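Chemist: Before I ask anything, here is the structure I am working with.
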Amino acid sequence: MPHATARTKLSASRRIVVKIGTRVLVQRNGRPDTRRMAQLVKGLAALRHEGRDIIVVSSGAIACGLQALGMKKRPTDLPTLQMAAAVGQSRLMAAYDRLFTQKKCQIGQVLLTHDDLEHRRRHLNARNNILKLLDYGVIPIVNENDAVSVDEIKFGDNDALASRTAMLVEADLLVLLTTVSGFHRRDARGRRRKINYLPGVDAETLSHATDKGSDFSTGGMASKLTSAAEAARMGTTVVIANGRSDDILQKIMTGAHVGTLMTPIAPLNGNGVLNRRRRWVAFFHHAKGHLTVDPGACVALLNNGGSLLPVGIRDVTGDFLPGDLVDIQDSDGRLIARGLSEYSSVEIRLLKGLKTASIRDRLGPTAPDELIHRDNLVLTP
Ligand code: GLU
């Protein structure tokens, strides 16, 4: 679909996730920008009153906490960040509550860690909770549960959290609001030009994303592009736009050429459209180890829709248990797939290179043939 047509179709979006970055909500001196917040809430409330499902993923907890505690710079140690988040999250929500109440909207706080979405039952719980809130016309305000998050269970930044949230509830549209007018590319003479439409994200695209987070925030354009591409691959349209521009949401919804648009990216060969379970496999896990496979196994996985068998394994890295997620790479170290292992790393070290028939001789008659069954395997770009 040409992107001008895609723009005009944005008005039909029924379920929208809007991510608001710290730099949008907080002034340079670290104080929350209540005028800006009020502007955004006005736009969000208007979309809600049109009958759309609205989910907000809001950063700003740590920045609000730092300001309340009189800290001028973002600390680097985790306990202080957790403390700031605990202080700031309630302030952030209080500000949203006051503004949304004025606009006759109800909000609900949903705090998530990566860990919550990795475990299947908690993943489904989180989804059900958000869907229930939407059903009641409530606007869920999602943030990472920074007060208890440690590195191993972190999403990393709220761009990743927003794309996961969009996948979790199958949003039609994800809007990533930042403080620039979209993704900019440098031309041969070094001039930066805003890109209206981005068909996909590769290493060359990422090389143009040179900004970093600020004193108060993490993220930056590279994390937005990566998260946008992941959401687009799962069928969500994405717009990266300037949250400091007035009425930005209404401009997006009416098809104005603001920000950078990404339309859904066709699924990878062999993946088909990922069902909910395989999305969970692909996007909601930290890998616990990786398997290096030989060229024959690569062909079986990439072209023939096969499962991963012990005979194709060259090497095993990491310590993992059955049910853990592992990355699969070719012999040049390129990631080709990920999936849930039927076996532990210790068992795979024993089985590596063996023909299927020998597995049962070693591990007994009920041992599965595959190391990773096709249903639990997702090809990666
Ligand atoms: N969750 C963090 C906060 O509320 C923000 C993380 C990010 O900026 O991506 O402060």
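The values are calculated or read from the model by the stated rules, or taken from the named source; none is laboratory data. Note that the structure is predicted; figures quoted are calculated from it, not measured. Please note: Cβ atoms are built from the backbone with ideal geometry, for glycine as well, and neighbour counts cover all protein chains shown. Areas reflect the complete protein model, heavy atoms only, side chains present, ligands, DNA and RNA absent. Shrake-Rupley method; radii C 1.70, N 1.55, O 1.52, S 1.80 Å.
Chemist: Scan segment 218-258 residue by residue and report those that are open to solvent by 10 Å² or more (accessible area, probe 1.4 Å), part of a loop (DSSP other than H, G, I, E, B) and at pLDDT below 90.
Modeler: T218, G219, M234, G235
Chemist: Mind checking which pairs have a first residue in segment 31-50 that is without any contact (Cβ under 8 Å) to a residue 24 or more places away in the chain and under 17 Å from K19 (Cβ atoms) and a second that is surrounded by fewer than 21 Cβ atoms within 10 Å (Cβ to Cβ) and not aromatic (F, W, Y), Cβ under 7 Å, 6 or more apart or different chains?
Modeler: Close Cβ pairs (under 7 Å, with a partner that is surrounded by fewer than 21 Cβ atoms within 10 Å (Cβ to Cβ) and not aromatic (F, W, Y)) amount to D33/Q27.
Chemist: Now for a separate question. Would you list the strands (runs of 3 or more DSSP E) that sit entirely within segment 128-190 and hold 2 or more residues that are of a type in the set (F, W, Y) and under 18 Å from the mean Cα position of the chain (by Cα)?
Modeler: Where strands (runs of 3 or more DSSP E) fall fully within segment 128-190, none carries at least 2 residues being of a type in the set (F, W, Y) and under 18 Å from the mean Cα position of the chain (by Cα).
Chemist: So which residues in segment 9-40 are within 14 Å of the ligand (Cβ to nearest atom), in a helix (DSSP H, G or I) and under 16 Å from L174 (Cβ atoms), if there are any at all?
Modeler: Listed by number, the list holds a single entry, V24.
Chemist: How many residues, within segment 79-126, are under 24 Å from the mean Cα position of the chain (by Cα) and open to solvent by less than 50 Å² (accessible area, probe 1.4 Å)?
Modeler: Residues in segment 79-126 being under 24 Å from the mean Cα position of the chain (by Cα) and open to solvent by less than 50 Å² (accessible area, probe 1.4 Å): 21 in total.
Chemist: Hey, another quick one. Out of the residues in segment 300-346 that are closer than 17 Å to H285 by Cα, among the small types (G, A, S) and in a loop (DSSP other than H, G, I, E, B), state the one that is most open to solvent (accessible area, probe 1.4 Å).
Modeler: Per the stated criteria, the residue is G323.
Chemist: With respect to R48, is the statement that it is buried (at least 18 other Cβ atoms within 10 Å of the Cβ) and either out of contact with any Leu (no Cβ under 9 Å at 6 or more places or on another chain) or at pLDDT 95 or above (or both) true?
Modeler: Working: buried (at least 18 other Cβ atoms within 10 Å of the Cβ): yes; either out of contact with any Leu (no Cβ under 9 Å at 6 or more places or on another chain) or at pLDDT 95 or above (or both): yes.
Spelling it out, R48 is indeed buried (at least 18 other Cβ atoms within 10 Å of the Cβ) and either out of contact with any Leu (no Cβ under 9 Å at 6 or more places or on another chain) or at pLDDT 95 or above (or both).
Chemist: For segment 341-356, enumerate the residues that are in contact with a strand residue (DSSP E or B) (Cβ under 6 Å, 6 or more places away or on another chain) and not polar (S, T, N, Q).
Modeler: Of everything in segment 341-356, those that are in contact with a strand residue (DSSP E or B) (Cβ under 6 Å, 6 or more places away or on another chain) and not polar (S, T, N, Q) turn out to be I348, R349, K352.
Chemist: Something else now. Test of understanding: among A282, A297, which residue is open to solvent by less than 20 Å² (accessible area, probe 1.4 Å), closer than 23 Å to R121 by Cα and in a helix (DSSP H, G or I)?
Modeler: The match here is A282.
Chemist: From the residues in segment 58-102 that are closer than 23 Å to T113 by Cβ and not in a helix (DSSP H, G or I), which one is nearest to the ligand (Cβ to nearest atom)?
Modeler: Here the answer is S59.
Chemist: Restricting to segment 1-39, name every residue that is open to solvent by 10 Å² or more (accessible area, probe 1.4 Å), of a type in the set (A, V, I, L, M, F, W, C) and closer than 25 Å to D135 by Cβ.
Modeler: Correct list: A12 only.
Chemist: Could I ask something else about it? Between R28, R23, R74, R36, which is of a type in the set (D, E, K, R) and modelled with pLDDT of 95 or more?
Modeler: Sole residue among the options that is of a type in the set (D, E, K, R) and modelled with pLDDT of 95 or more: R36.
Chemist: Next question. Restrict the check to segment 139-159 and report whether at least one residue is open to solvent by less than 30 Å² (accessible area, probe 1.4 Å) and farther than 23 Å from A85 by Cα.
Modeler: Within segment 139-159 (the criterion being open to solvent by less than 30 Å² (accessible area, probe 1.4 Å) and farther than 23 Å from A85 by Cα), the answer is no, since none of the residues qualifies.
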